Amino acid sequence: DVSAGYLADLLSVNNDLDLLSLWGNEIGAEGAKALARSLTYNNSRLRSLCLWRNPIGDEGAIAIANMLKENDFIEYLHLGDCNIGPKGALALADALRVND
């Protein structure tokens, strides 16, 4: 999660990255929250975010969902095998309805 925080700091000033694949990096809820914060209001043009096989859980999924409500650039989001339960899934579904 600490490394994800450092990466989040870099994402907040990067406008060129199109794809970010972080599968299998043991990013937890705190790391997902840091990434979501950095992608919420910055000028990022990130279109693809892969967090596959990171244990972000419901808490991380909710943070990602809240980010998706504000960020309209992300077109591809891979959250498979992330220990997301019903609360996180419902938050993501709601975010996809908002950011159609």
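The values are calculated or read from the model by the stated rules, or taken from the named source; none is laboratory data. Small disclaimer: the values here were computed from a predicted structure and weren't measured. Don't worry about glycine lacking a Cβ; one is built from the backbone with ideal geometry, like all the others, and counts go over all protein chains shown. Accessible surface is based on the protein model in full, side chains and every heavy atom, while ligands, DNA and RNA are left aside. Shrake-Rupley method; radii C 1.70, N 1.55, O 1.52, S 1.80 Å.
Summary table
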{"read-out": "Sulfur and carbon atoms: percent of accessible area, the chain [1.4 Å]", "value": "51"}
{"read-out": "Counted charge near Gly28, where neighbours are those whose Cβ lies closer than 11 Å (Asp, Glu -1; Lys, Arg +1)", "value": "-3"}
{"read-out": "Sequence-distant residues sharing a close amide H with His78 (under 5 Å, placed H)", "value": "Leu49, Cys50, Leu51"}
{"read-out": "Computed label-point distance, nm, for sites Glu70 and Glu30 using a 7 Å Cα→Cβ extension", "value": "2.1"}
{"read-out": "Relative contact order, percent, the chain [alpha-carbon distance under 8 Å, six or more residues apart]", "value": "28"}
{"read-out": "Label-zone membership for segment 33-67, site Leu19, 7 angstrom Cα→C-beta point, backbone N under 16 Å", "value": "45-52"}
{"read-out": "Read-out volume of the Cα convex hull per residue in Å³, derived from the coordinates shown; its label in [x] 155; [y] 71; [z] 124", "value": "[y]"}
{"read-out": "Around Leu90: net Lys/Arg minus Asp/Glu count, Cβ-Cβ under 15 Å", "value": "0"}
{"read-out": "Residue-normalised accessible area of the chain, given per residue in Å² at a 1.4 Å probe", "value": "57"}
{"read-out": "Efficiency of FRET from Cβ geometry, Leu96 and Tyr6, R₀ 25 Å, rounded to 0.05", "value": "0.30"}
